[in-house]
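To start, the structure under review is shown below, and the notes come after it.
The values are calculated or read from the model by the stated rules, or taken from the named source; none is laboratory data. The structure presented is a predicted model; accordingly, all values stated were derived computationally and were not measured. So basically every Cβ, Gly included, is an ideal-geometry build from the backbone, and we count neighbours across all protein chains shown. When the accessible area is computed, the model is the full protein with side chains, heavy atoms only, and any ligands, DNA or RNA have been set aside. Shrake-Rupley method; radii C 1.70, N 1.55, O 1.52, S 1.80 Å.
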Amino acid sequence: MGAQIRVYRQKISSTTSMRKIFKAMELIATSRIGKARARVAASLPYANAITRAVSAVASQSEIDHPLTTEPEQIRRAAVLIITSDRGLAGSYSASVLKQAEGLTELLHAEGKEVKAYLVGRKAQAYFDFRNREYARNWTGGTDAPEFETAQEVGAALLEDFATDFEEGGVDEIHVVYTRFKSMVTQEPTVIRLLPLEVVEEEAASESDLLPLYEFEPETEQVLDALLPRYIESRIFAAMLQAAASELAARQRAMKSAGDNATELIKKYTRLRNTARQAEITQELSEIVAGADALAS
């Protein structure tokens, strides 16, 4: 009986330590989520402005530019998958990877090859475990992304987009990430970056119609200058959205884990007390039995 009590004490102690860790991680995520949401909001004006500029060039000109023209045949697609570096965030990374698997199956059904680009250690571990190939991977700082990383990712994607298919190039680029809607709602999302599909974060009203522009120098040169910045801004915006989603998911997961740990501690405490009462009762019974034996 004493051994059983020791087991329960050890379980209570270990669960209490884990609850402290869960609480600390919940507090860290809570302290960072505000900054992450502020970064998402701060990125919108620039992203919307450059989106409008690219939209104006693409819609008001009739040029045949490789970045805005749908190719006759799409044979290979690039898929950028944005996950987290760390776990303990519930189903955050699993939901993104599931969405990416659905996109991959769809592209394969359309007869397209898929070339994967990974952001986050969770995506890398997922591909490594299954012995699946990927072109590039970036890890570190997924909960606080830097614009330099987005520039590097964008440059790699544009380089492969400009490369011929026979040399390993791609004909279109997709991004799979988690869109932050609220503290309780984060949605795995797929967008196609290239060939260009201009999608603003917020729908423009009739008063925000695109103005007419005269381009100087040539329209092709304007697109060559604008589109890399447009790709970088879209990728960075997706990374910021993913970071806010990761922190929100981790906060919820850690709160739930802490609550479960509290319930386990209560359960083990009751079991320990029951075992202790049973031990005391047995000892009293033995004492009474011994006293009766001596008296007789």
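Relative contact order of the chain, taken over Cα pairs closer than 8 Å and 6 or more residues apart, is 34 percent. Spin-label model, T163 to K255: label points 7 Å out along the Cα-to-beta-carbon direction sit 4.5 nm apart. Overall shape of segment 1-155 was characterised from the C-alpha gyration tensor. The equivalent ellipsoid obtained from it has semi-axes of 43, 23, 12 Å, in decreasing order. In terms of packing, defined here as the mean over residues of other Cβ atoms within 10 angstrom, the peptides 67-80, 149-162, 267-280, 237-250 line up highest first as 237-250, 149-162, 67-80, 267-280. Database remark: amide H of V170 closer than 5 angstrom to the amide H of F161, T163 (H placed geometrically; neighbours at sequence offset of 5 or more, or on other chains; Pro and chain starts carry no H).
Look at where the Cα atoms of segment 254-286 and of segment 110-188 average out, and the two centres are 48 Å apart. Only Lys, Arg, Asp and Glu carry charge here, each on its Cβ (+1 for the first two, -1 for the last two); on that basis segment 93-149 has a dipole of about 160 debye about its Cα centre.
Distances between placed amide hydrogens fall under 5 Å for L118 paired with I81, R136, N137, W138, all partners being 5 or more residues away or on another chain. When each of the peptides 123-130, 88-95 is scored by the mean number of other C-beta atoms lying within 10 Å of its residues, the order from highest to lowest reads 88-95, 123-130. Could you tell me which residue out of A248, N131, Q277 lies farthest along the dipole of the chain toward its positive end? Charges go on the beta carbon: Lys and Arg +1, Asp and Glu -1, centred on the Cα centre. Selected residue: Q277. Here the peptides 282-293, 31-42, 111-122 are ranked by packing, the mean other Cβ count within 10 Å, and the order with the highest first is 111-122, 31-42, 282-293.
Quick check: at a probe of 1.4 Å, how many percent of the accessible area of the chain sits on carbon and sulfur atoms?
The computed percentage sits at 52.
Solvent-accessible surface of the chain, taken per residue with a 1.4 Å probe and all protein chains present: 56 Å². Calculated translational diffusion coefficient of the chain (37 °C, 0.692 mPa s; Stokes-Einstein with Kirkwood radius over alpha-carbon pairs) equals 145 µm²/s.
When Lys and Arg each count +1 and Asp and Glu each count -1, what net charge do the other residues less than 14 Å away from A278, Cβ to Cβ, add up to? Charge balance in the 14 Å sphere: 0. When only the Cβ of Lys, Arg, Asp and Glu is charged (+1, +1, -1, -1), the dipole of the chain relative to its Cα centre reaches about 3040 debye.
Length available on full extension from R6 to E187: 0.36 nm per residue minus the Cα-Cα distance, which gives 60.6 nm.
When DSSP beta bridges are restricted to pairs lying wholly in the chain, around 35% turn out antiparallel. Model label sites at S13 and I28, defined 7 Å from Cα along the beta-carbon direction, differ in position by 2.5 nm.
Once you sort the root eigenvalues of the Cα gyration tensor of segment 63-155 as a ≥ b ≥ c, which label holds: rounded (a/c under 1.5), prolate (a/b larger than b/c) or oblate (the other case)? It comes out oblate by the Cα gyration axes. Placing +1 on the Cβ of every Lys and Arg and -1 on the Cβ of every Asp and Glu, with no other charges, gives segment 212-296 a dipole of roughly 720 debye about its Cα centre. Excluding same-chain neighbours fewer than eight residues apart, the lysines reachable from K267 by a Cα-Cα span under 28 Å are K11, K20, K23, K255. As a length-normalised measure over Cα pairs under 8 Å and 6 or more apart, the relative contact order of segment 53-171 settles at 29 percent.
Note on A94 and A42: their simple-model spin labels are 3.4 nm apart, each label 7 Å out from Cα toward Cβ.
When the square roots of the Cα gyration tensor eigenvalues are ordered a ≥ b ≥ c, the ratio a/c for segment 94-203 is under 1.5, which makes its shape rounded.
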